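Undergrad: Pasting in a structure now, in structure tokens, and then I'll have a few things to ask.
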Amino acid sequence: MATAQETTPILGHSQGNSSWTNFKKNGLLKTVIAVCVLGAVLGGGWAIFHWGELPGEFGRDFSSLEGYCKDTLPIQPGEYVERQKRLAKVLKDENAGALVVEPGPTMTYYTNIAWSLTERPFLVVLRLDDELPSGINMTIVTPMFEATRALEALKRANLSEEIQPSVIEWVEDGSPYKAVKKALGGANEGTVFVDKDIRMFIFDGIDDVSNEIKVKMAPRSIRTLRMVKSSAEIDILRCANHATLAALQLVRTYVQPGMVESEITKMMTDALETAGLDETWVLALVDENAAFPHGEPGIQRTVTENSTVLIDTGGRLLGYQADVTRTFFLSERGHNQTIEDAWYSVRRAQENVLNRSNSGDSCAEVDLYARRVIEKAGFGQFFTHRLGHGIGEEMHEEPYMNQGNHEQHLSPGMTFSVEPGIYITGEFGIRLEDIVVVNQEGKLEVLTSGLAQNPWSL
Ligand SMILES: *[C@@H]1O[C@H](CO)[C@@H](O)[C@H](O)[C@H]1NC(C)=O
Ligand SMILES: *[C@@H]1O[C@H](CO)[C@@H](O)[C@H](O)[C@H]1NC(C)=O
Ligand SMILES: *[C@@H]1O[C@H](CO)[C@@H](O)[C@H](O)[C@H]1NC(C)=O
Ligand SMILES: *[C@@H]1O[C@H](CO)[C@@H](O)[C@H](O)[C@H]1NC(C)=O
Ligand SMILES: *[C@@H]1O[C@H](CO)[C@@H](O)[C@H](O)[C@H]1NC(C)=O
């Protein structure tokens, strides 16, 4: 920060008056003004010339997206208590004493604590304790020198009074795992689960600290808790995905022949940010480039009047993700029948998934509802990836709609993407993606404002 003494005045007033007078007398001022005016004219001309080169840049207006999700509520403090209660019940059913988590989505899910992963273990031990209101004793294990910051993170988490967290510190030359052992207290014998994302050295460290502790990765029953969304989570996901589709629909009206992929990316980013999303990302692929499901084909393609454009995009709202894809034809005329057939096959595949899926179906069955439609249309070998992925705090999370996933079954509250695609290398790529939720009746409900109607109306 600059102090008053360090700040050098631009025109020192003590001597300033005399030099200012001399400056004027010498006629230098006139020269400076003339140079400035000339610069402004040339600069302005340059800018107008270049604006002319970027069609539509001036007319792009995303202001209709402002405040799109302003009425959507964040997860309320009471919900973390409910999550811990559900965890306690499953830990008991599984005969386990605790779940240990590292910073990341599972930690946020149960504790609302945001912390970046570093080489030093920072852990939360969630231990079964029937005496406590949430059924869980929550203990933070932190490096000692970070303890103050840990308390700040805890304050920001704004947890309900029903959760009374404790903090155990470990010194730099000490053992974080002895601190975990202490946090496990009475659960020091028997099974302790670790989150699936925990790093191997931490798994080993906990495993080695006591012969009585049996460390295991959290089983499906624990992981399913995060897969099943509450109504508050579904509301956030719905608005995030509605906003993303609305942004995409608006950007589509500004896509014109002559644009390159990076210009579409920039417009999309502006639109999503205007809608209030953070951590936004965009994949904009034109014609043959869309045959690469994850992009990165190396060269930027330019939109032509007959182009097929794929935009896969999303961002984060209140900690939850959006992920939407639309593939569209630029003009009504000049499109190719093979590509149009492929588009409608993908669209029918999505619709078949919506029509046929029911709570209780395996994820493999859900994938096959789409895959069979595309196979029947003759494009089977070009649908090269799974149908979709779960979505929540993470953009890709369980459950995965994969024709090999017979173990996982749909249940109300699960949210996932339905994104069939057809990719013919060197020719074209089509993908349509909408997020759905299994509703209380066990049917799928779309969390965007609706499927694409045709290759021109998104
Ligand atoms: C913390 O939670 C209470 C409700 O329990 C809420 O009224 C308050 O606005 C929250 N504070 C912050 C900073 O989120
Ligand atoms: C939670 O466990 C820790 C470690 O055993 C203990 O110090 C703390 O008092 C417990 N918290 C509550 C609320 O019981
Ligand atoms: C677009 O398609 C029309 C009709 O097939 C054709 O006449 C035109 O040349 C095509 N334009 C480009 C840029 O390929
Ligand atoms: C899905 O169901 C609707 C309404 O019953 C029907 O019109 C449509 O043809 C079905 N789509 C598919 C692909 O089976
Ligand atoms: C239409 O597209 C397909 C796939 O890229 C291609 O094989 C075919 O030659 C095209 N047809 C015409 C008339 O351009």
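Undergrad: Over the Cα atoms of the stretch 55-98, Rg to Rh with Kirkwood Rh, two decimal places?
TA: Answer for the stretch 55-98: 1.50.
Undergrad: What FRET efficiency do you get for Val167 and Arg199 if R0 is 25 Å and r is their Cβ-Cβ distance, rounded to the nearest 0.05?
TA: Numbers: r = 21 Å, r/R0 = 0.85.
E(calc), rounded to 0.05, equals 0.70.
Undergrad: After finding the eigenvalues of the alpha carbon gyration tensor for the stretch 248-333, what semi-axes result from the square roots of 5 times each, listed largest first in whole Å? Intermediate values should be presented prior to the final figure.
TA: Details: eigenvalues 100, 38, 23 Å².
Ellipsoid half-lengths, sorted descending, are 22, 14, 11 Å.
Undergrad: Roughly how many debye, to the nearest 20, is the charge dipole of the stretch 360-458 about its Cα centre, given +1 on each Lys and Arg Cβ, -1 on each Asp and Glu Cβ, and no other charges? Mind dumping the intermediate values first?
TA: Details: 6 positive and 15 negative charges, 90 e Å.
Dipole of the stretch 360-458, to the nearest 20 debye: 440 debye.
Undergrad: Semi-axes of the equivalent ellipsoid of the chain: what are they in whole Å, largest first, if each equals the square root of 5 times a C-alpha gyration tensor eigenvalue? List each step's numbers first, then the result.
TA: On the way: eigenvalues 436, 309, 64 Å².
Semi-axes, largest first: 47, 39, 18 Å.
Undergrad: Can you give the charge dipole size of the chain about its Cα centre, rounded to the nearest 20 debye, using +1 on the beta carbon of Lys and Arg and -1 on the beta carbon of Asp and Glu? Mind showing how you got there, number by number?
TA: Working: 42 positive and 62 negative charges, 140 e Å.
Using only the charged Cβ atoms, the result is roughly 680 debye.
Undergrad: For the stretch 128-158 and the stretch 316-369, what is the separation of their C-alpha centers, rounded to whole Å?
TA: 43 Å
Undergrad: May I have the convex hull volume per residue, in Å³, for the Cα set of the stretch 367-408? Spell out each step's value before the answer.
TA: Details: hull volume 2.9 nm³, N = 42.
Value for the stretch 367-408: 70 Å³ per residue.
Undergrad: Would you calculate the volume per residue, in Å³, of the smallest convex hull containing every Cα atom of the stretch 109-190?
TA: On the way: hull volume 8.0 nm³, N = 82.
Hull volume over Cα atoms, normalised by residue count, gives 97 Å³.
Undergrad: Still on this structure, please answer the following. Among all the aspartates and glutamates, which ones have a C-alpha under 18 Å from Lys155's C-alpha, if same-chain residues fewer than 8 places away are not counted?
TA: Qualifying aspartates and glutamates at Cα under 18 Å: Glu79, Glu146, Glu169.
Undergrad: If you don't mind, there's one more thing I want to ask. With the crude spin-label approximation of a point 7 Å out along Cα→Cβ, what separation in nm comes out for Asn454 versus Lys155?
TA: 6.0 nm
Undergrad: Let me ask another. Would you mind getting me the FRET efficiency between Lys89 and His385? Use the beta-carbon distance for r and R0 = 35 Å, nearest 0.05. Write down the numbers at each step before the final one.
TA: Working: r = 36 Å, r/R0 = 1.02.
Working from the Cβ atoms, E equals 0.45.
Undergrad: Across the Cα atoms of the stretch 273-391, what radius of gyration and what greatest pairwise Cα-Cα distance (Dmax) are found, in Å?
TA: Radius of gyration, then largest Cα-Cα span, for the stretch 273-391: 16.1, 46 Å.
Undergrad: Could you state the principal axis extents of the C-alpha atoms in the stretch 229-284, from the largest down, to the nearest angstrom?
TA: 45, 19, 17
Undergrad: Could you work out what % of the accessible surface of the chain is carbon and sulfur, using a 1.4 angstrom probe and leaving DNA, RNA and ligands out of the count? It would help to have the intermediate numbers written out before the result.
TA: Details: 11680 of 22190 Å².
So the carbon and sulfur contribution to the accessible surface is 53 percent.
Undergrad: Two decimals, Cα atoms only, Kirkwood Rh: what is Rg/Rh over the stretch 56-205?
TA: Details: Rg = 18.5 Å, Rh = 16.8 Å.
In the stretch 56-205, Rg relative to Rh is 1.10.
Undergrad: Average the reciprocal distances over every distinct pair of alpha-carbons in the stretch 398-455, invert the result, and give the Kirkwood radius in Å. Let's see the in-between values first.
TA: Details: mean 1/r = 0.0757 Å⁻¹.
Final number for the Kirkwood radius of the stretch 398-455 is 13.2 Å.
Undergrad: Per DSSP H run of n ≥ 4, the term is -39500 (n - 2.57); total these for the chain, divide by its residue number, and report the mean residue ellipticity at 222 nm rounded to 500 deg cm²/dmol. It would help to have the intermediate numbers written out before the result.
TA: Details: 12 runs with 171 residues, N = 458.
Theoretical 222 nm ellipticity from helices: -12000 deg cm²/dmol.
Undergrad: On to the next question. Could you check what % of the DSSP bridge pairs in the chain are antiparallel, to the nearest 5? Mind dumping the intermediate values first?
TA: Details: 46 of 60 bridges.
Within the chain, antiparallel bridges account for around 75 percent of the total.
Undergrad: Say each of Thr425 and Glu66 gets a label point 7 Å from the Cα, pointing the same way as Cα to Cβ; how far apart are those two points in nm?
TA: 4.8 nm
Undergrad: Contour minus end-to-end for Ser230 and Arg356, with contour as 0.36 nm per residue of separation and end-to-end as the Cα-Cα distance? Mind dumping the intermediate values first?
TA: Values: separation 126, 0.36 × 126 = 45.36 nm, distance 2.36 nm.
Full-extension gain reported as 43.0 nm.
Undergrad: Using only Cα atoms, what is the ratio of the radius of gyration of the stretch 343-458 to 2.2 N^0.38 Å? Walk me through the numbers before you get to the answer.
TA: Working: Rg = 13.4 Å, N = 116, 2.2 N^0.38 = 13.4 Å.
The reported ratio for this selection is 1.00.
Undergrad: Something else now. Provide the net charge surrounding Thr280, with neighbours chosen by a C-beta distance below 10 Å and charges set as Lys +1, Arg +1, Asp -1, Glu -1. It would help to have the intermediate numbers written out before the result.
TA: Values: positive: Arg316; negative: Asp270, Glu273, Asp278, Glu279.
Around Thr280, the surrounding residues sum to -3.
Undergrad: For the stretch 141-294, what is the per residue volume of the convex hull drawn over the alpha-carbon atoms, in cubic angstrom? Please list the in-between numbers first.
TA: Details: hull volume 31.8 nm³, N = 154.
Residue-normalised Cα hull volume stands at 206 Å³.
The values are calculated or read from the model by the stated rules, or taken from the named source; none is laboratory data. Quantities reported herein were computed from a predicted structural model and do not represent experimental measurements. So basically every Cβ, Gly included, is an ideal-geometry build from the backbone, and we count neighbours across all protein chains shown. For the accessible areas, the whole protein counts, side chains as well, though only heavy atoms, and no ligand, DNA or RNA atoms are used. Shrake-Rupley method; radii C 1.70, N 1.55, O 1.52, S 1.80 Å.
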